[in-house]
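This report refers to the structure that appears directly beneath it.
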Amino acid sequence: QVQLVESGGGLVQPGGSLRLSCAASGSISSFYAMGWYRQAPGKQRELVARITNDGRRNFADSVKGRFTISGDNAANTVYLQMNSLKPEDTAVYYCNAFWTGRNYWGQGTQVTVSS
C-alpha cells in the first residue's frame, strides 16, 4: 500500500509561484511513474505533469514552460514547481503514483490563483 501526502497549496496572485510537495510512504524510485493531476470545479481531472522512474517527463500543453516536476529519491518526495500562475490554474491538485499496475492518489491540495 502506498500513501501520498501533498502539501504546499494556497492562495497566490496571478504571476506568482508555488511549490507543491508529495511525500510518499514508499521508495519513489520503485514506482513506474509519479505525477500531478488537477481538477477544477465542474471539470474532469487532468494530467498536469508526470515523471517516470527513468527520468522522462511530460506536461500538459497549458503548463509547458511554466511548471516543472522533480523528484528527490532520498526524501521519497516529488515536487511540482509552478511559476507564472494564472487564474485558470485554480484547482485541487492531486499527487499520483503508478506502482505494480495500480494508481494511488493523495488527498489533494487546493491551489487558488486570484488577485
Quiz item: Inside segment 84-105, can you point out the residues that are open to solvent by 50 Å² or more (accessible area, probe 1.4 Å) and either under 13 Å from the mean Cα position of the chain (by Cα) or modelled with pLDDT under 95 (or both)?
Solution: PHE98, TRP99, THR100, GLY101, ARG102, ASN103, TRP105
Quiz item: Does at least one position in segment 2-17 carry a residue that is in contact with a Pro (Cβ under 9 Å, 6 or more places away or on another chain) and not aromatic (Phe, Trp, Tyr)?
Solution: yes
Quiz prompt | The one condition in (1) free of Cβ contacts under 8 Å to residues at least 40 places away in the same chain; (2) on the phi < 0 side of the Ramachandran plot; (3) assigned to a loop (DSSP other than H, G, I, E, B) that GLY55 fails to fulfil | solution = (2)
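Can you tell me which residue within segment 24-40, out of those that are assigned to a loop (DSSP other than H, G, I, E, B) and in contact with a strand residue (DSSP E or B) (Cβ under 8 Å, 6 or more places away or on another chain), is most open to solvent (accessible area, probe 1.4 Å)?
Restricting to residues being assigned to a loop (DSSP other than H, G, I, E, B) and in contact with a strand residue (DSSP E or B) (Cβ under 8 Å, 6 or more places away or on another chain), the top hit is TYR32.
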Quiz item: Quick one: what pairs do we get from segment 1-12, first residue farther than 13 Å from TYR104 by Cα, second open to solvent by 60 Å² or more (accessible area, probe 1.4 Å) and of a type in the set (D, E, K, R), C-beta under 7 Å, 6+ apart or different chains?
Solution: GLY8/ARG19
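The values are calculated or read from the model by the stated rules, or taken from the named source; none is laboratory data. These numbers come from a predicted model, not from an experiment. Note that each Cβ is placed from the backbone with ideal geometry, even for glycine, and that neighbours are counted across all protein chains shown. Just so you know, the surface numbers come from the protein's heavy atoms only, side chains and all, with ligands and any DNA or RNA stripped out. Shrake-Rupley method; radii C 1.70, N 1.55, O 1.52, S 1.80 Å.
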